[in-house]
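To start, the structure under review is shown below, and the notes come after it.
The values are calculated or read from the model by the stated rules, or taken from the named source; none is laboratory data. Quick caveat, the model's predicted, so the values are computed rather than measured. Cβ atoms come from the backbone with ideal geometry, glycine included; neighbour counts cover every protein chain shown. What goes into the accessible areas is simple: the full protein's heavy atoms, side chains included, and nothing from ligands, DNA or RNA. Shrake-Rupley method; radii C 1.70, N 1.55, O 1.52, S 1.80 Å.
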Amino acid sequence: MTQNREKIVGIIGGMGPEATVDLMQRIIRLTPAVDDIDHIRCIVDNNPKVPSRIKAIIEGDGEDPGPVMADMAKRLEAWGADFLVIPCNTAHFYYDAVQQAVNIPVVNMIDRVVNLVKTRFGKEEKIGMLASPAVALTKLYTRRFEVLGMAEVWPDPEHQDLLFSIIRQMKTGRISPGLHRQYARVCGHLKEHDVRVAIVACTELSALDGDLPLDTIDASQVLAEEIVRVVKHP
C-alpha cells in the first residue's frame with residue numbers, strides 16, 4: 001500500500017439487499033467530494049443467499065450463516081479490501097467467524113453504536129431497542145449495556161410482533177406509507193414507557209427511515225460515519 005492510497009472498504013452485504021444499498025447511499029452523502037474521484041471505493045458482495053439469520057437463531061433449524069460470511073470476507077480481502085464491515089446487526093453474532101477468516105480489520109458496528117450511546121446519552125438509564133427478536137436472543141447489545149449500567153427497553157410482545165412484521169415487509173423491497181405509520185406507532189409505544197433514546201438496531205429499519213417521536217441512534221449511520229472516518233481521516 002502506498003502512503004497516499006486511500007483504504008478500500010469491503011462490504012459483506014445482502015442482509016438484506018435494501019440495507020446494503022442504504023449504507024452505500026449514506027457513505028456517498030457523508031463523503032466530502034467535488035467529483036467522482038473524491039468518493040470512497042467500495043467492494044461489495046451484496047449476497048442475499050447468506051443463510052437466514054432468522055432460521056438459524058430464532059427458529060433454530062437453519063444453516064449456520066458463519067461459514068458463508070467468512071468465505072465472503074476472504075473473497076473481499078483477496079479482491080483488495082483493506083477493512084471490512086457488516087451492515088446487519090444480527091449478523092454480528094457471527095463477527096468472530098468473519099474476523100478469524102481474514103488478516104484485515106473487521107469493524108464491529110455494535111461496539112461503535114454502544115460507544116456513541118455512552119458518549120451522547122451516558123446519563124440515560126433506559127435505552128429503547130428497535131430491532132429483530134434475534135438481536136434480543138443473542139444479547140448483542142445487552143451485555144455491553146449491562147457493563148455501562150444501562151437497561152434495554154424492548155417493545156411489548158404486540159408491538160415487537162408489529163416491528164418484526166415491518167422488518168419482514170422491508171425485505172420484500174416494497175415500502176408503503178403504512179409501514180412508516182406502523183413504525184412510528186412502535187416508537188410512540190417506547191416513548192410512553194419513558195424511553196427518550198432508542199437504537200435503530202436493524203439495518204432494514206434504517207432503510208425505512210422517517211420522522212420518529214423520540215431520539216434515535218441509527219446503527220447504519222454510525223457505520224457509514226466510521227467508514228468515512230477510516231478512509232478520509234485515518
Name the residues in the stretch 1-24 that are open to solvent by 60 Å² or more (accessible area, probe 1.4 Å), part of a loop (DSSP other than H, G, I, E, B) and free of Cβ contacts under 8 Å to residues at least 60 places away in the same chain, would you?
-> T2, Q3, N4, R5
Among (1) over 25 Å from G122 (Cβ atoms); (2) at pLDDT 95 or above, which single condition is A219 missing?
-> (1)
Right, I27: modelled with pLDDT under 95, surrounded by 14 or more Cβ atoms within 10 Å (Cβ to Cβ) and part of a helix (DSSP H, G or I) or not?
-> no
Selection from the stretch 209-227 of residues that are among the hydrophobic types (A, V, I, L, M, F, W, C) and open to solvent by 10 Å² or more (accessible area, probe 1.4 Å) = L212, L214, V222
Provide a single number: the residues in the stretch 168-195 that are touching a residue at least 12 places away in the same chain (Cβ under 8 Å), open to solvent by 80 Å² or more (accessible area, probe 1.4 Å), closer than 17 Å to G128 by Cα and out of contact with any Leu (no Cβ under 6 Å at 6 or more places or on another chain).
-> 3
Tabulated pairs, the stretch 102-117, first under 18 Å from D71 (Cβ atoms), second buried (at least 21 other Cβ atoms within 10 Å of the Cβ) and at pLDDT 95 or above, C-beta under 6 angstrom, 6+ apart or interchain = V102/A73; V106/L84; V106/V98
Out of all the residues in the stretch 118-137, which are surrounded by 21 or more Cβ atoms within 10 Å (Cβ to Cβ) and either more than 24 Å from V21 (Cα to Cα) or without any contact (Cβ under 8 Å) to a residue 40 or more places away in the chain (or both)?
-> I127, G128
Yes/no for I57 being in contact with a helix residue (DSSP H, G or I) (Cβ under 7 Å, 6 or more places away or on another chain), in a helix (DSSP H, G or I) and closer than 20 Å to R168 by Cβ = yes
Sole residue being farther than 22 Å from Q221 by Cα and open to solvent by less than 20 Å² (accessible area, probe 1.4 Å), chosen from A91, A70 | A70
Could you check S165 against (1) touching a residue at least 24 places away in the same chain (Cβ under 8 Å); (2) closer than 21 Å to M15 by Cα; (3) in a helix (DSSP H, G or I); (4) open to solvent by 10 Å² or more (accessible area, probe 1.4 Å) and say which number it fails?
-> (1)
Sole exception among (1) open to solvent by less than 20 Å² (accessible area, probe 1.4 Å); (2) charged (D, E, K, R); (3) more than 29 Å from P133 (Cα to Cα) for E77, by number = (1)
Matching option when the condition is of a type outside the set (S, T, Y), outside any helix (DSSP H, G or I) and closer than 23 Å to V231 by Cα, among L76, L84 | L84
Examine the stretch 153-165 for a residue that is closer than 24 Å to A224 by Cβ and at pLDDT 95 or above, and state whether such a residue exists.
-> yes
Scanning the stretch 30-48 for residues that are of a type in the set (V, I, T) and within 18 Å of E77 (Cβ to Cβ), which turns out surrounded by the most Cβ atoms within 10 Å (Cβ to Cβ)?
-> I40
Looking at the stretch 196-208, which of the residues that are in a loop (DSSP other than H, G, I, E, B) and more than 18 Å from P17 (Cβ to Cβ) is most open to solvent (accessible area, probe 1.4 Å)?
-> R196
Residue, farthest from F145 (Cα to Cα), within the stretch 103-119, restricted to residues that are among the charged types (D, E, K, R) and at pLDDT 95 or above = R112
